[in-house]
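Quick notes on the structure that follows.
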Amino acid sequence: NIEWSFLILKDRAYYEALFRDYPDVVTSLQFREMLGGIADSTVRRLYSQNKIRHFKIRTTYYVPKASVIDFVLSETYRELSKRLKHSIS
């Protein structure tokens with residue numbers, strides 16, 4: 001549906017603007033901040049369940065900003081945000 005595609009693009013543009021000051025690849029701390037200050041345990045669970053594309057160099061986890069945007073547009077995030085104390089709009 002063209003109308004639905006437009007809405008997705010609008011949302012993506014919104015989050016691209018919202019996150020424009022973040023680097024193209026963010027740390028776990030920045031990722032938590034981008035999602036409204038979610039708990040470290042929540043982020044670790046997302047990583048272990050492969051709910052978001054990430055990679056690890058030595059002891060530090062990184063997430064491409066594009067993956068953060070994909071995640072906040074996903075059904076997984078919609079379901080998760082219902083249970084979170086903090087979330088983004």
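Multiplying the sequence separation of residue 66 and residue 45 by 0.36 nm and subtracting their Cα-Cα distance, what value in nm do you get?
Once the chain is fully extended between residue 66 and residue 45, it gains 5.6 nm.
Taking 0.36 nm per residue of separation and subtracting the Cα-Cα distance, what length does fully extending residue 14 through residue 73 add?
20.2 nm
Could you tell me which trypsin sites (Lys or Arg not before Pro) in region 30-73 are loop residues by DSSP with no more than 16 other beta carbons within 10 angstrom of their beta carbon?
Here the trypsin sites (Lys or Arg not before Pro) that fit, given the DSSP loop and packing criteria, are 51, 53, 58.
Long-range amide H contacts for residue 25: which residues qualify at under 5 Å (H placed 1.01 Å from N, peptide plane, sequence gap of 5 or more or a different chain)?
Placed amide hydrogens put 65 under 5 Å from residue 25.
Bear in mind these aren't lab numbers, they're just calculated from the coordinates by the rules spelled out. Predicted, not measured: the structure shown is a model, and the values here were computed from it. Cβ coordinates were reconstructed from backbone atoms using ideal geometry, including for glycine residues, and neighbour counts include every protein chain displayed.
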